[in-house]
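Undergrad: Starting off with a structure, shown below.
Throughout, read-outs are computed from the coordinates displayed, never taken from laboratory work. This one's a predicted model, so the numbers in the text were calculated from it and none came from an experiment. Using ideal geometry, Cβ is built from the backbone for each residue, glycine included, and neighbour counts are taken over all protein chains shown.
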Amino acid sequence: MAQLGSLTEVSGTGTAGPAAGPAATPARRRVGWRTVPLVVFVTAVLLSVTRVITGANDLTSSGSAGAALRLAVPILLAGLAGLWAERAGVVNIGLEGMMVLGTWSGAYVALDHGPWAGVLAGILGGALGGLLHAVATVTFGVDHIVSGVALNLLGPGVARFLSALVFTGRQGGGVTQSPQVRQPPTFTVPGLSSGLLSLEKHHWFGVSDVAGILGGLVTGTSWVTLMALLLVPFSFVVLWWTPFGLRLRSCGENPYAAESLGVNVYLYKYLAVICSGGFAGLAGAFLSLVASNYYREDQTGGRGFIGLAAMIFGNWRPGGLAAGAGLFGYADALQLRQGETSVHALLLGFGLALVLFAGSLFARRQRAVGGVAAVLALGVLALYQFTDTIPQQFTTATPYVTTLLVLTLASQRLRMPAADGHVYRKGTAR
Amino acid sequence: MAGLTARLDPWRIGLALAAPLAALVFSVALMSVVLLIAGHSPALAFGQMADFGTQPGSVVQILDKSAGYYLSALAVAIGFRMNLFNIGVDGQYRMAAMCAAVVGAAVTLPPVLHVGLIILVAVVVGALWAGIAGVLKVTRGVSEVISTIMLNFVGGSIVAWMLTPEVFAVLQGNNVTTRPIPASGQVPGIPFLGGTVYGFIVIAALVGVGYWFLLGYTRFGFDLRATGLSEPAAVASGVAVRRMVLSSMLLSGGVAGLVGLPQLLGASYAYSLDFPAGIGFTGIAIALLGRNHPIGVALASVLWGFLDVSNQILDLNDIPKEIVTIMQGTIVLAVVIAYEVVRRVAVAQERRRVAARLGDDGPAGSGGPGPVESAAVA
Amino acid sequence: MSQQAAASGPAGASSTTAVDDVPAVRLEGITKRFPGVVANRDVTLTVRKGTVHAVVGENGAGKSTLMKILYGMQRPDEGVIEVDGRPVSFHRPSDAIKAGIGMVHQHFKLADNLTVLENVVLGDEPAQFGVLSRRVARQRIREISDRYGLDVDPDPLVEDLGVGERQRVEILKVLYRGARTLILDEPTAVLVPQEVAELFGALEELTREGLTVIFISHKLDEVLQVADEITVMRRGTTVTSVLPAEVTSRQLAELMVGSQLPSPATGESTVTDRVVLEVAGLAVRDREGRAVVDDVSFVIHAGEVLGVAGVEGNGQAELIDAIMGIRPAAGTVRLDGVDVTGRTTRRRREAGIGFVPEDRIRQGLLLDSPLWENRVLGHQTVAPNERRGLIDRRSARADTERIVREYDVRTPSIDVTASALSGGNQQKLIVGREMSGDPRLLLAAHPTRGVDVGAQAAIWDHLRRARADGLAVLLISADLDELIGLSDSLKVILRGRFVSDADPATVTPEELGSAMTGAAPSTDGPSTDGPSSAGAGPGPAEAQSAGAATSAEGER
């Protein structure tokens, strides 16, 4: 199947999904470890330059960084949830529904049993949603998108019904929200935090920027946040370094190959989707327990989808996904801190980044895409030049527009798991 | 699968109805258990809902609601028939309704023309918004699932921006709303059971007829369905798949553009903060439940409307009416599973029936172990 | 070839008993029934250790079923399997693997986006403290690779490998799991000649190390070249076992088909001088920009069947796609003197091109749709299926009834879905459909592949009749007898180019076979490793000269 695909596949359709973009360059390598520091460095420089030019200090303030982190964590966790499922070949657009289950069960259990029990319950609640998705998609072979949509309908319904059952009548509770709960503890790194924060106040080029960002990350941070961040390397190690992870990924790349070597594909898909639900549930619990201190209807606000966007942005890899979550969280945070000016200032940085990207495309002789990028860059810079503020409504669209841009401009560099979204049935290999 | 074109074969019809009925029974049973656990009487709850939901006033409400649901489900179904997932109906109809409201309030025209213009604007805006996903898919191979989801949110942002006093809206108390569409641009209601239902229901029904005719009887519809069933086969048969993707996306978006109009032209006459959202996702559920069949989808829309309306009675009996939202979710999940199971059963049954009818004349008699090997070759 | 023992082995007997050793694999009385079909009947096979044992037979002779039984994918209804003299019972492939039997599938089972190492160790990973030990894995892969001369690098992604390398990875996968007996299912189907030579070199290396190879094939020249012993299967059972030195490929072919040699002979020539299809300078490039069809030019006349012979994957599929307008291509295509180069697939079909695709399940049918809708497919825009933009159900259905009748499609009704029909009946429906509306040109790719004997004969009949009525046919087939029997002229395609012509009246399958592998002296230059030592001797020269003698119209 694998090798024949290229011969028998009818060309001229080009509609097979994100990975099927026209492969102009044979070299379709993933971003290597060496480019990560480069990307971080370039980003930092761009931000510093932008701050100095525009005077929008909140671009790199500790407050923005702290807010960005808080806003990025649920996106990050949702992205990891998507990663686990899709690496095993199951598309999970039901993340949103699973997150809702996580927000509710987290808050409910935290009410009487404390925040940590709540976090655990959130994970379990989401995992239950994952189990449902697995039953539908793996056992019954239902289309993954269809099942995901159904879960997104079911999750909020269940949460609403259960709220009516258990929250109404308690103080501050009702059909749409829970009473207040206690939050999990936070930490501030002594010494480091205050040092960085004082450095930040000088507004030195580069130094203060970095200090501000780092300072924000080590001040008043929740332990759950730390846990979430650690889940990124954890996922990487488990998925890429262990036999378990190799088997799981093989189910997403070519389940029939895995099957022929005795891997129980159903089992691994089940485990992956349940874990995926667990991550989504944790993302939900973070929202109801850390980002706020009660469950509220619509608390997830589409973050499940932003998580998916971050995962695609990160090319189905944990590191890239974390970068995407960081970016989207940052865009969210700026909006809270001097929103309209900060985001407007960010336009300059974004425009410059696009210029760099277009240049690199031209250097690699991808003139068509490079041209599109250049035109976009000019558009963004013109927008910066001729406006003073960006309406807050448009800032909320950042993750979605970014994802569309990434898919449009870089689709041939994206590499989703080969059998992602395909319904697998045991013993039907050819 | 071949729902639209299957002949009236009692066996097939039985199979087609088995899945939704099984799903309905399953979810009712599950709800009964949940109600019992929560200490309520299922018989009372469902009895009350049936009583309340069939009262004239409720029926009018149900029909009103189902008009939008029906259009939304048809928009989704057009994509489904072609194996395209238009998850973006939600964004498309909100963009369309917003633009239609703004344009409709800004012009003055004779009655029919005015309504026609509003409908035209809605259809065009919906189609264009969906068309973005179509173009991205055709030119850059971007999955329409992801792009339509993203476009939902982008559309939501644009609508929110348009709905600010600085742009198109006015403040009314603590509601923000566009200016009202004058009477010439409104669609009068139809008297029914002592109330009035949206006049737009007629247009929704016409769209349903058009969908049925287009897919089942035209060449275009055949091409569309063929592409959905097997893209390589469609290509070999001469279907220009890229053009097909784009046109069905535009078509789906155009129908999606109509989703908000029953409400806009029949009741609210303006787009405001409380304009109904989420009908696009409901449409996906209804299209799944109605199996993309124009009549099935109509029945599913009415069922959905019934559940939406009749649950209001439950609160009076101290039963949380939210039980209905779970029921809706369960129905969808159960029905997709049931359809898949039924499909497998049907395929196996048909093979057996064909083999049985052919008896010894079948492939078995011709000496070689052909069929087995051919399965392996395939 | 590899062991001198072969010379002293008993000859020609159906049950070969080893003199000095227990056989690696012995099958006795294996029978496997599927509903309505006996796929294997009383199969007996003895494979001696350290040999390459070929199992040959036509498509549908039951080879694949037998190998699935031996690899634990199917369970036999009757019979005994012995491995190393011990009776075994396999429930699943992992049982077979434990017993030292490995399978290299015809369709590779590799994950493109994983590295060679990951593909090899999957399911049997060396680990330390729960972490996959790439170091150990790499070392083991290198060891095996060196020992058997497989030349496999553990680190690149599989997607970057060529077909031959992928096959060696598959072999290494099997060896990694400790297999002592390897089943290779049609391993050369997708290989170019140099890769075939490399594969045979590797097999020699394996047997030298004492491993056993079971080689499934229907390509006689290859089998004669590589095998130490050959077992012939026909109609689900083993017919005989022979030594390659004792048979010619002609004899082997007769053993394969039995007394009833297929006779797709066309009889009198019906070739006219009216040109129907004229292709000039046709070129198709793949995604990497390599030419998969390279400057191909030819003509087909009314009443002529032009056969294209070639190892699969040498550009046949792309050639057909280009003529159909499915794939973008350079060059011109003229139909009945009209340039159709710029036209879409649909316009070309309307101009009178019929198309029997290679893969009927994917390209030829809507499996979930009723038969009458499948009759409409591909002819949506012409009578009797369409009238003024609408599908004319009544006449489409009536015409489907006609096809079912005339082409003997066995079905209870035209309302059952296509998936319910057997392969042969599906194919008859497709042929009937594509012959409808009096096409001027038919592109037929493997028109009888995977269909039963009865349907095959029927399809041949229909092709002959249409040809007599003036149809031009471009025939692509892996069945050389079919090609030779049906064609008025033959061309051999190799790496996307037409490299030689042959006269179907005089050429033999063996000659054609060697021309296909590039062994024939041709314009493209032969590969260095022709199967000249095997029984395919005088082929190339004859094919070449024969080609010069016939149907000179199409030449450049």
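Undergrad: What FRET efficiency comes out for A:Asn264 versus B:Thr139 if R0 is 35 angstrom and r is the Cβ-Cβ distance? Round to the nearest 0.05.
TA: 0.30
Undergrad: With a point put 7 Å past each Cα toward its Cβ, work out how far C:Glu143 is from A:Arg367 in nm, to one decimal.
TA: Here the modelled spin labels are 5.5 nm apart.
Undergrad: How many angstrom separate the Cα center of the range C:414-456 from the Cα center of the range A:358-430?
TA: About 45 Å separates the Cα centre of the range C:414-456 from the one of the range A:358-430.
Undergrad: I need the calculated FRET efficiency for the pair C:Asp84 and C:Asp286, taking r as the beta carbon distance and R₀ as 41 Å, to the nearest 0.05.
TA: 0.35
Undergrad: How long is the range C:111-165 along each principal axis, judged by its Cα atoms, biggest number first, in Å?
TA: Principal-axis extents of the Cα atoms in the range C:111-165, largest first: 35, 27, 15 Å.
Undergrad: Which residues does the label zone of A:Thr168 cover in the range A:290-318, counting backbone N under 16 Å from a point 7 Å along Cα→Cβ?
TA: A:297
Undergrad: Hey, another quick one. Exceeding 30 Å between C-alpha atoms, which entries from my cross-link table qualify? They are B:Lys137/B:Lys321; A:Lys426/C:Lys32; B:Lys137/C:Lys428.
TA: Where the Cα-Cα span goes over 30 Å, the pairs concerned are B:Lys137/B:Lys321; B:Lys137/C:Lys428.
Undergrad: Okay, next question. Collect residues whose amide H, placed 1.01 Å from N in the peptide plane, falls under 5 Å from the amide H of C:Thr212; neighbours closer than 5 in sequence don't count.
TA: Result for C:Thr212 returns C:Gly50, C:Thr181, C:Leu182.
Undergrad: Could you pull the Rg and Dmax for chain A, using just the Cα atoms, both in Å?
TA: Every Cα atom of chain A included, Rg and Dmax give 22.3, 67 Å.
Undergrad: Using only DSSP helix segments of four residues or longer, with each worth -39500 (n - 2.57), what per-residue ellipticity at 222 nm results for the protein assembly as shown after dividing by its residue count and rounding to 500?
TA: Per the formula, -17000 deg cm²/dmol.
Undergrad: When DSSP assigns beta bridges and you keep just the ones with both residues in chain C, what percent turn out antiparallel, to the nearest 5?
TA: So the antiparallel bridges amount to about 55 percent of the total.
Undergrad: Next question, about the same structure. Only Lys, Arg, Asp and Glu count, each charged at its Cβ (+1, +1, -1, -1), so figure out the dipole size of chain A about its Cα centre, rounded to 20 debye.
TA: 960
Undergrad: When DSSP assigns beta bridges and you keep just the ones with both residues in the protein assembly as shown, what percent turn out antiparallel, to the nearest 5?
TA: So the antiparallel bridges in the protein assembly as shown amount to around 60 percent.
Undergrad: OK, next. Calculate, for A:Trp204 and B:Arg242, the FRET efficiency according to 1/(1 + (r/R0)^6) with r their C-beta to C-beta distance and R0 51 Å; round to the nearest 0.05.
TA: The pair A:Trp204/B:Arg242 has a calculated efficiency of 0.40.
Undergrad: Gap in Å between the Cα centre of the range C:147-175 and the Cα centre of the range B:122-160?
TA: 44
Undergrad: Can you compute the modelled spin-label distance between C:Val22 and B:Leu171, with each label point 7 Å from Cα toward Cβ, in nm?
TA: Each label point is offset 7 Å from its Cα along the Cβ direction, giving 9.4 nm.
Undergrad: Another question about this same structure. Which residue, C:Gly364, C:Val83, C:Ala396, has the largest displacement toward the positive end of the dipole of chain C when charges sit on each Cβ (Lys, Arg +1; Asp, Glu -1)?
TA: C:Ala396
Undergrad: In addition: Using the charge dipole of chain B (Lys, Arg: +1 at Cβ; Asp, Glu: -1 at Cβ; taken about the Cα centre), state which of B:Pro111, B:Gly221, B:Ile132 has its Cα farthest towards the positive end.
TA: B:Gly221
Undergrad: Roughly how big is the range A:172-303's charge dipole about its Cα centre, with Cβ charges of +1 (Lys, Arg) and -1 (Asp, Glu), in debye to the nearest 20?
TA: Once rounded to the nearest 20, the dipole reads 180 debye.
Undergrad: Return the long-range amide H neighbours of C:Met233 (sequence gap of 5 or more, or a different chain), with a cut-off of under 5 Å between placed amide H atoms.
TA: C:Val56, C:Gly57, C:Val239
Undergrad: Same structure, new question: Could you give the nm distance between label points at A:Phe234 and A:Ser360, where each point is 7 Å from its Cα heading toward the beta carbon?
TA: With each label point 7 Å from Cα toward Cβ, the separation is 3.1 nm.
Undergrad: Continuing with the same structure: Mind checking the dipole of the protein assembly as shown: about its Cα centre, +1 per Lys or Arg Cβ, -1 per Asp or Glu Cβ, Debye to the nearest 20?
TA: Using Cβ point charges on Lys, Arg, Asp and Glu, the protein assembly as shown gives about 2920 debye.
Undergrad: For the range C:124-129, just list the computed ³J(HN,Hα) in residue order, Karplus coefficients 6.51, -1.76 and 1.60, θ = phi - 60°, integers in Hz, with x standing in for Gly and Pro.
TA: For the range C:124-129, the Karplus-derived couplings read 8, 8, x, 9, 10, 6 Hz, x marking Gly and Pro.
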